[in-house]
Amino acid sequence: MSIKKPGLNTICTHVGELEDKEYKGAVSPLYMSTSYAFEDVEVKRYPRYFNTPNQVALSKKIAALEHAESAMIFGSGMAAVSTALMAFLSAGDHIVLQKTLYGGTYNLVTEEFQKFGISYSFTEGLEPAQFEAKIKENTKVIYIETPSNPLLTITDLAAVATIAKKHGLVSMIDNTFASPVNQNPIDFGIDVVIHSATKYMGGHSDILAGAVASTAEHMERIFHLAKNFGGSLSDYTVWLLERSLKTMGIRVKAQNENAQKMAEFLYKNKDVQAVYYPGLPSHPDHELAKAQMKGFGGMLSFELNETIDAYRFQKALQLIKSSMSLAGVESTLLLPTKTSHALLSPEEREHQGISDHLIRFSIGIEEIEDLIEDISQAIEKSKA
């Protein structure tokens, strides 16, 4: 593509697309082969090496979306997280992680790292000084997630990047909740950006994938481990993910708008005792979110009053689905204590501020009036 600085929706639609030279179709052709020639070719292609035609094309689109030099796609978000982390950590190394993390990442660190001789420290808060205070002589990586899952806390990207560079560390972020539409951490100095592409990149609750974007040098290091870990993605799913990315910009912007209106409705609702959404002026990190995000995202969490049974509330919903995942075009919600953070102990959940009344809400693209009506009727049916 010859346009020097294409806009978001142009990148989503056109960057990295494959040309159908034979039939001139409007979409990228799908190359299903798992076996390619190895003689008289410039590139020896093999699916586990992340270099089939569709894999390479999609990686270019993701790199462009995250303002990165290079990117790779993986079979799941956790495949992306684990491969990126282990590419920069070895026995005897140490990592600093923020307190509030996706439950799967927390479990990976706390359950598996000791087997590899890797030590770790979690911050108590999200202030920059908290991260610097945890750094040791053998620290190699700082890992953050913002907005966080499920409380939508905001971490200062530029401050963490500055600390990492000061100490010669690699900074990494899980950018899933924001998506590239709302936040580009590389612009603030973060080194490695990770996504569960299952979420906003896929956007239709029918794709399982992960992505990592960074400099060409960092991605080469990640590739050498990835090809041994074997977390590559099938080309059919790659093709579906490219299709989904074409509409990511307009989908996420619609979800941003709906989430802002829903957060404002819930904040004023007498049956709701707390709302966690960075787009609300009441959110403690609102100003920081405004400074580093282009939109506040489609995710929010809220706590019902103790007189309302959260489980009965879920069962009473008629339009909004009770579902494990998030970021689809359909609205879904769940109780983190029963799903995403169920493997944490009650003490660990309490330490992170995750109560039994907390509900994580993924806003879809439905009419906001319909979503508000569904929430309202479910609350009324669930009152003690």
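Residue by residue, here is whether (1) touching a Lys or Arg at 6+ places or on another chain (Cβ under 9 Å); (2) closer than 29 Å to I173 by Cα; (3) assigned to a helix (DSSP H, G or I); (4) not basic (K, R) holds:
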residue: E22; (1), (2), (3), (4): no, no, no, yes
residue: V56; (1), (2), (3), (4): yes, yes, yes, yes
residue: H67; (1), (2), (3), (4): no, yes, no, yes
residue: L89; (1), (2), (3), (4): yes, yes, no, yes
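Under the condition of being over 19 Å from A84 (Cα atoms) and of a type outside the set (A, V, I, L, M), which residue from region 134-147 is farthest from the chain's Cα centre (by Cα)?
E137
Going through H204, H195 one at a time, which residue ends up being in a strand (DSSP E or B) and not polar (S, T, N, Q)?
Residue meeting the stated conditions: H195.
Going through K199, K253, K227 one at a time, which residue ends up being modelled with pLDDT of 95 or more, in the same structural domain as T105 (by TED's automatic domain parsing) and surrounded by fewer than 22 Cβ atoms within 10 Å (Cβ to Cβ)?
Going through K199, K253, K227 in turn, just one is modelled with pLDDT of 95 or more, in the same structural domain as T105 (by TED's automatic domain parsing) and surrounded by fewer than 22 Cβ atoms within 10 Å (Cβ to Cβ): K227.
List pairs: first in region 178-202 and closer than 11 Å to A213 by Cα and touching a residue at least 12 places away in the same chain (Cβ under 8 Å), second in a loop (DSSP other than H, G, I, E, B) and among the β-branched types (V, I, T), Cβ under 7 Å, 6+ apart or cross-chain?
H195/T176
Looking at this structure, is S28 under 19 Å from T215 (Cα atoms), out of contact with any His (no Cβ under 6 Å at 6 or more places or on another chain) and polar (S, T, N, Q)?
no
Under 6 Å between Cβ atoms, which residue pairs at least 6 apart in sequence (or on different chains) link something in region 315-338 that is closer than 22 Å to P147 by Cβ with a partner that is of a type in the set (S, T, N, Q) and buried (at least 22 other Cβ atoms within 10 Å of the Cβ)?
Within 6 Å, the pairs are I320/S331; L326/S362; A327/S362; T332/S362.
Among the residues of region 314-324, are any modelled with pLDDT of 95 or more and touching a Phe, Trp or Tyr at 6+ places or on another chain (Cβ under 6 Å)?
no
Any residue in region 353-367 that is in the same structural domain as V329 (by TED's automatic domain parsing) sitting within a Cβ distance under 7 Å of a residue that is part of a strand (DSSP E or B) and of a type in the set (S, T, Y)? List the pairs, counting only those 6 or more apart or interchain.
L358/S301; I359/S301; R360/S301; F361/S301; S362/T332
Hey, among A259, A274, which residue is in a helix (DSSP H, G or I) and among the aliphatic types (A, V, I, L, M)? Full working, then the answer.
Details: A274 fails: in a helix (DSSP H, G or I).
Being in a helix (DSSP H, G or I) and among the aliphatic types (A, V, I, L, M) holds for just one of A259, A274, which is A259.
Let me spell it out: the conditions are (1) in contact with a Gly (Cβ under 8 Å, 6 or more places away or on another chain); (2) surrounded by fewer than 20 Cβ atoms within 10 Å (Cβ to Cβ); (3) not hydroxyl-bearing (S, T, Y), and G125 meets all of them except one. Which number is the exception?
So the condition that G125 fails would be (1).
If the requirement is being surrounded by 19 or more Cβ atoms within 10 Å (Cβ to Cβ), more than 26 Å from S171 (Cβ to Cβ) and of a type in the set (G, A, S), which of these qualifies: S282, S205, S214, S232?
Criteria check complete, one pass: S205.
Of all residues in region 218-255, how many are assigned to a helix (DSSP H, G or I) and of a type in the set (S, T, N, Q)?
In the first step, residues of region 218-255 are kept if they are assigned to a helix (DSSP H, G or I); the result is 218-229, 235-245, 248-255.
With of a type in the set (S, T, N, Q) added as a condition, the list becomes 228, 237, 244, 255.
Result for region 218-255: 4.
Identify all residues within region 91-133 that are in a loop (DSSP other than H, G, I, E, B) and under 17 Å from the mean Cα position of the chain (by Cα); write none if there are none.
Hits for region 91-133 are Q98, K99, T100, L101, Y102.
Please find, within region 277-325, the residue that is nearest to H204 (Cα to Cα) out of those that are among the aromatic types (F, W, Y) and in a loop (DSSP other than H, G, I, E, B).
Per the stated criteria, the residue is F296.
Give the residue, chosen from A79, A63, that is buried (at least 22 other Cβ atoms within 10 Å of the Cβ), assigned by TED's automatic domain parsing to the domain that holds T146 and under 14 Å from F223 (Cα atoms).
A79
Based on this model, can you work out whether A161 counts as surrounded by fewer than 24 Cβ atoms within 10 Å (Cβ to Cβ), free of Cβ contacts under 8 Å to residues at least 24 places away in the same chain and either within 14 Å of the chain's Cα centre (by Cα) or not assigned by TED's automatic domain parsing to the domain that holds F302 (or both)? Walk me through how you get there before you give the answer.
Details: surrounded by fewer than 24 Cβ atoms within 10 Å (Cβ to Cβ): yes; free of Cβ contacts under 8 Å to residues at least 24 places away in the same chain: no; either within 14 Å of the chain's Cα centre (by Cα) or not assigned by TED's automatic domain parsing to the domain that holds F302 (or both): yes.
No; evaluated as a whole, the condition is false for this residue.
So, in region 326-366, exactly how many residues are assigned to a loop (DSSP other than H, G, I, E, B), of a type in the set (D, E) and at pLDDT below 95? Reasoning before the result, please.
Here is the first cut: in region 326-366, the residues assigned to a loop (DSSP other than H, G, I, E, B) are 326-331, 335-345, 353-357, 363-366.
Then keep just the ones that are of a type in the set (D, E); that gives 330, 356, 366.
The next check asks that each one be at pLDDT below 95; those that pass are 356.
Residues in region 326-366 being assigned to a loop (DSSP other than H, G, I, E, B), of a type in the set (D, E) and at pLDDT below 95: 1 in total.
Hey, can you tell me all the residues within region 290-304 that are surrounded by 21 or more Cβ atoms within 10 Å (Cβ to Cβ) and more than 12 Å from Q183 (Cβ to Cβ)?
Correct list: G298, M299, L300, S301, F302, L304.
Taking the residues in region 1-33 that are over 29 Å from the mean Cα position of the chain (by Cα) and farther than 18 Å from S244 by Cα as candidates, determine which candidate is surrounded by the most Cβ atoms within 10 Å (Cβ to Cβ). Working first, answer last.
Taking region 1-33 first, the residues over 29 Å from the mean Cα position of the chain (by Cα) are 2, 19-26, 33.
After this cut, where a residue has to be farther than 18 Å from S244 by Cα as well, the list is 2, 20-24, 33.
Details: S2: 4, D20: 12, K21: 8, E22: 7, Y23: 6, K24: 7, S33: 10.
Going through the qualifying residues, I end up with D20.
The values are calculated or read from the model by the stated rules, or taken from the named source; none is laboratory data. No experiment lies behind these values; they were computed from the predicted model shown. Reconstructed Cβ throughout: ideal geometry from the backbone, glycine too, with neighbour counts over all protein chains shown.
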